[in-house]
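Structure first, then comments.
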Amino acid sequence: MATRLATVRTSANPQVTSDASWWRDAVVYQVYLRSFADGNGDGIGDLGGLRSRLPYLSWLGVDALWINPHYPSGGADGGYDITDYRAVDPDYGDVADLEALVDDARRLGLRVVLDVVPNHTSDRHPWFQAALADPDAPEAARYHFAPPSAEPPNNWQSLFGGPAWSRTPDGRWYLHLFAPEQPDLNWGDPAVAADFERTLRFWLDRGVSGFRVDVAYGLFKDAGLRDNPGAYSPTLFGHGPEQAMTWNQPEVHDVWRRWRSICDEYPDTMLVGEVCLADLEQVALYSRPDEMHQSFSFRLLKSPWSAESFADGVRTALDAFGAVGAPVSWVLGNHDKDRQVSRFGGGALGTARARAAALLVLALPGSAYLYAGDELGLPQAEVPDEAKLDPIFFRSGGARAGRDGCRVPMPWNADRGVGFSADDAATPWLPIPADWDQYAVSRQARDGGSVLTLYRRALALRDAHPALGSGDAAVSRRGDVLTVRCTAADGSVVRCVVNMGSETALVRTRGTVLLASTTGVRRSAGSVALPADTAIWLAEA
Ligand code: NOJ
Ligand code: CA
């Protein structure tokens, strides 16, 4: 509880205070910068817009924000194809705007975490351009090139579809595990590591609180570039032995040890890794005490709505991360996955389930990553094919819908244009569905039964109650009812009970209902009747 007290904000003193382990139980709000708030009316979210909405994030009650890539980019993969790692894309502002954002956030008690993308650059990055112009340039050694030949060097696939090798204009092959516009870096070249260290320090010197590390299970490849034993499947929990040659090479852990030592020079900073491996024990190894502070647990992001699957996901994550002494970083939504409401069945059903899932995740010990718009219960938006931008859609020939539908701009006001930009602004960069005024912040903030109000209450309770978000958790399941019993260091207990079945369940308790995900929960002496697709927090006496 000591760490939590240090971060509690009061209106008299909302500033961030020093706390080396703030990240262990933080709620981190993921800002998709391009879609959050447009400050200058060009239809694109930007740093000015985000600054103007910081009071909302403070009001909501999160601890930090992670911003998706803000760097100049070739625009091929939502900013994950970077041309300059020590600058800000002019669409979003400039470095001074980012510094101002960090300062403003700090005054409101919020920390700012940036995204860093070390596995690949943009094909428009000056290094790749130099390598294209001259195969003998030193920059060519910073990528994976192979001499011209009829067939690509191996059977590796791009995660976005098609082969992972493309040709240069002079016939060489180059490796890209994502889009062709994202050539993979060769981390065997010391110049690559040195440049990323400069990048980390550049932003840490500007006061950021750390980094979300993209594709942290990548970077190094099998030294012999041998064929993978099996094919990649986007439906798996993550990569496994079938992709053993491309991911999770042992050398990568040395990079995280080095990055950790750099962060250790900057108080209160942290690294959170994106490690998409099926085996959570392998994922947790990236967060051993001298590596990244935490790595995402994506299991619930891919779990169907079933108590068995959720119980397994929670237990496996608690065990795996517990074994290395790291907190679990829970994730229910992000910019790569269909929105929860739609994943869980859509409409009223999907919304009820998303509300219940929110209470589960916010009760669990560890940090929680909350994707912008999930607190509004946004569904996956229908983006017309002609407006789509995601390379996954194009490289799969339209077979995979792509990720645009979870990246649509935020509705702020239940008014014309929904307040993402000013009234007379340019068209938003992705179309906002006509009926999204119903989800607007302005409307939900006034509605005691809204998804937004539920999140706000849950976050306030989590901040106040020692058994929520930290301590020990025991998971049990009886049929479709999942229970997590959270015990704080002071002995206080909160039980989160989620009914994931289709019948009302009777929960025996003498405790107090702290919060329920719907209004239909009936209390009688010694029990609570919990409707289908509902969760409650019970403070046990
Ligand atoms: C993971 C990011 O979350 C995703 O959006 C991106 O396309 C890939 N990494 C490639 O950088
Ligand atoms: Ca703008």
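The values are calculated or read from the model by the stated rules, or taken from the named source; none is laboratory data. Predicted, not measured: the structure shown is a model, and the values here were computed from it. Every residue, glycine among them, receives a Cβ derived from its backbone with ideal geometry; neighbour counts consider all protein chains shown. These accessible areas exclude ligands, DNA and RNA; they are computed on the full protein's heavy atoms, side chains included. Shrake-Rupley method; radii C 1.70, N 1.55, O 1.52, S 1.80 Å.
A compact table of results
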{"read-out": "Total residues in region 423-465, condition open to solvent by 30 Å² or more (accessible area, probe 1.4 Å), small (Gly, Ala, Ser), closer than 22 Å to Ile536 by Cα and not in a helix (DSSP H, G or I)", "value": "2"}
{"read-out": "Looking only at region 95-108, and only at residues there that are open to solvent by 10 Å² or more (accessible area, probe 1.4 Å) and in contact with a helix residue (DSSP H, G or I) (Cβ under 8 Å, 6 or more places away or on another chain), the one that is farthest from Leu175 (Cα to Cα)", "value": "Leu108"}
{"read-out": "Residue selected from region 66-120 under the condition under 21 Å from the mean Cα position of the chain (by Cα) and small (Gly, Ala, Ser), by the criterion farthest from ligand 2 (Cβ to nearest atom)", "value": "Gly109"}
{"read-out": "Search result, residues across region 388-422 that are open to solvent by 40 Å² or more (accessible area, probe 1.4 Å) and among the aromatic types (Phe, Trp, Tyr)", "value": "Phe394"}
{"read-out": "Considering residues of region 17-27 that are part of a loop (DSSP other than H, G, I, E, B) and in contact (Cβ under 8 Å) with a residue 24 or more places away in the chain only, the residue farthest from ligand 2 (Cβ to nearest atom)", "value": "Ala20"}
{"read-out": "Residue tally, condition of a type in the set (A, V, I, L, M, F, W, C), within 23 Å of Ala20 (Cβ to Cβ) and surrounded by fewer than 20 Cβ atoms within 10 Å (Cβ to Cβ), over region 292-324", "value": "2"}
{"read-out": "Near pairs, Cβ below 8 angstrom, 6+ apart or cross-chain, from region 274-286 (outside the structural domain of Asp214 (by TED's automatic domain parsing) and on the phi < 0 side of the Ramachandran plot) to any residue that is at pLDDT 95 or above and of a type in the set (Ser, Thr, Tyr)", "value": "none"}
{"read-out": "Cross-chain or 6+ apart pairs with Cβ under 8 Å, region 411-430 first and among the aromatic types (Phe, Trp, Tyr), then not in a loop (DSSP other than H, G, I, E, B)", "value": "Trp412/Val418; Trp412/Gly419; Trp412/Val441; Trp412/Ser442; Phe420/Ser35; Trp429/Arg34; Trp429/Ser35"}
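Conditions (1) in the same structural domain as Thr487 (by TED's automatic domain parsing); (2) more than 16 Å from the chain's Cα centre (by Cα); (3) open to solvent by 10 Å² or more (accessible area, probe 1.4 Å); (4) modelled with pLDDT under 95, marked per residue:
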{"residue": "Arg343", "(1), (2), (3), (4)": "no, yes, yes, no"}
{"residue": "Ala352", "(1), (2), (3), (4)": "no, yes, yes, no"}
{"residue": "Ala356", "(1), (2), (3), (4)": "no, yes, no, no"}
{"residue": "Leu359", "(1), (2), (3), (4)": "no, yes, no, no"}
{"residue": "Ala363", "(1), (2), (3), (4)": "no, yes, no, no"}
{"residue": "Tyr371", "(1), (2), (3), (4)": "no, no, no, no"}
{"residue": "Leu376", "(1), (2), (3), (4)": "no, yes, no, no"}
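The rows are residues; the columns are (1) open to solvent by 40 Å² or more (accessible area, probe 1.4 Å); (2) over 29 Å from Lys302 (Cβ atoms).
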{"site": "Trp173", "(1), (2)": "no, yes"}
{"site": "Asp195", "(1), (2)": "no, yes"}
{"site": "Thr199", "(1), (2)": "no, yes"}
{"site": "Phe202", "(1), (2)": "yes, yes"}
{"site": "Asp214", "(1), (2)": "no, no"}
{"site": "Tyr217", "(1), (2)": "no, no"}
{"site": "Ser261", "(1), (2)": "yes, yes"}
{"site": "Glu265", "(1), (2)": "yes, yes"}
{"site": "Val272", "(1), (2)": "no, no"}
